[in-house]
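A.B. asks: One structure follows; several queries about it will come next.
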Amino acid sequence: MTAPGGPPSERRFEFRAHAMKLRLLSWLVGGLAALLIWYAATAAPSPAAVLPVVVLLLAGAVTAGRLASDPRPVLAVDAEGLEDRLHGRIPWRDVAWYRAQGGITPGFGWALKKGVQPPRNRNIYRVQAVLNALSGLPPRSYRRKLLLATPQEMAEACRAHRPELER
């Protein structure tokens, strides 16, 4: 968590990806793809049957590697709102609420007000809203994991600017 000096209400808090975990994930998924390629070449009755799985695994490995090498903050919180690397700048007037979630899958979530769309990647936001609803978060929310900060630190950063939105 990066927060330069000054009163908490004027600070910009930045949360970065855990590059080591993402690189490890990239290597593990890439290794699994290599194992499947070896299996397809030596023992599979139909090598073409594993090709779609290999392509998806390699795409996941490349994506995790790219996320690990991107130096920009994943999430930034300041007096104007939230700045998400994927969805862009979300002003506080568009945020319905935020919260830290503990349990088996800890995370930090925020929800947009009804009818508001993020400035970028609207379709990804909709898919994530459905997936978040399946994992116990309300459908109009988004959470970040694999960060160097805890969900509680992310909630504290939001609380420094807009405590009334905490749920």
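Only the coordinates and a few stated rules stand behind these numbers; no lab work does. Because the structure is a prediction, the values reported are computed rather than measured. In this analysis, Cβ positions are derived from the backbone assuming ideal geometry, glycine residues included, and neighbour counts consider all displayed protein chains.
A.B. asks: Could you give each residue of segment 89-97 its phi-based ³J(HN,Hα) in whole Hz, using Karplus coefficients 6.51, -1.76, 1.60 with θ = phi - 60°, and x for Gly or Pro?
C.D. replies: Values per residue, Gly and Pro as x: 7, 10, x, 4, 5, 9, 8, 7, 6 Hz.
A.B. asks: Ok, one more. Charges on Cβ only, +1 for Lys and Arg, -1 for Asp and Glu, centred on the Cα centroid of the chain; of SER46, VAL29, ALA155, which one is farthest towards the dipole's positive end?
C.D. replies: About the Cα centre, the residue reaching furthest to the positive side is SER46.
A.B. asks: Would you mind working out the magnitude of the charge dipole of the chain relative to its Cα centre, with +1 at each Lys and Arg C-beta and -1 at each Asp and Glu C-beta, to the nearest 20 Debye?
C.D. replies: Values: 23 positive and 12 negative charges, 64 e Å.
Approximately 300 debye in magnitude.
A.B. asks: Rank PRO52, PRO151, PRO119 by mean-square fluctuation in a GNM of the chain with C-alpha springs under 10 angstrom and give only the top-ranked residue.
C.D. replies: PRO52
A.B. asks: So, one more: In nm, to one decimal, how far is the ARG122 label point from the LYS21 one, both placed 7 Å along Cα→Cβ?
C.D. replies: 3.2
A.B. asks: Have a look at ALA41, ALA33, ALA68 and tell me which one the Gaussian network model of the chain (Cα, springs below 10 Å) gives the largest fluctuation.
C.D. replies: Among ALA41, ALA33, ALA68, the largest mean-square fluctuation in the Gaussian network model of the chain belongs to ALA41.
A.B. asks: Then there is this: Mind giving me the FRET efficiency for LEU148 and ALA43? R0 is 35 Å, r the Cβ-Cβ distance, nearest 0.05 is fine. If you can, show how the numbers build up before the last one.
C.D. replies: Details: r = 41 Å, r/R0 = 1.18.
It comes out at approximately 0.25.
A.B. asks: Then there's this: Calculate the spin-label point distance for ALA79 paired with GLU10, positioning each point 7 Å from the Cα along the beta-carbon direction, and give it in nanometres.
C.D. replies: 0.7
A.B. asks: Given contacts defined as C-alpha pairs under 8 Å and at least six residues apart, what's the relative contact order of the chain, whole-number percent? If you can, show how the numbers build up before the last one.
C.D. replies: Values: 261 pairs, mean separation 41.4, N = 167.
With pairs under 8 Å counted, the relative contact order is 25 percent.
A.B. asks: If you don't mind, there's one more thing I want to ask. Taking a virtual spin label 7 Å from the Cα of ALA34 along the C-beta vector, which residues in segment 61-105 bring their backbone nitrogen under 15 Å of it?
C.D. replies: Answer for this model: 61-62.
A.B. asks: Sticking with this structure for a sec: Which of the DSSP-defined H helices in the chain satisfy a minimum axial length of 30 Å, computed from C-alpha atoms, and a minimum mean Kyte-Doolittle hydropathy of 1.0? Working shown, then result.
C.D. replies: Values: long enough: 19-42 (34 Å, 1.35).
Both cut-offs are met by 19-42.
A.B. asks: Using Cα pairs under 8 angstrom and six or more residues apart, how large is the relative contact order of segment 18-69, in percent?
C.D. replies: Values: 45 pairs, mean separation 30.5, N = 52.
With pairs under 8 Å counted, the relative contact order is 59 percent.
A.B. asks: Compute and list, largest first, the equivalent-ellipsoid semi-axes of the chain from the alpha carbon gyration tensor, each √(5λ) rounded to a whole angstrom. Display every interim value, and only then the final one.
C.D. replies: Working: eigenvalues 256, 63, 34 Å².
Rounded to whole Å, the semi-axes are 36, 18, 13.
A.B. asks: A further question on this structure: Under the classification rounded if a/c is under 1.5, otherwise prolate if a/b is larger than b/c and oblate if not, where does segment 18-69 fall, given a ≥ b ≥ c as square roots of the Cα gyration tensor eigenvalues?
C.D. replies: On the way: a/c = 5.12, a/b = 2.60, b/c = 1.97.
Here segment 18-69 falls in the prolate category.
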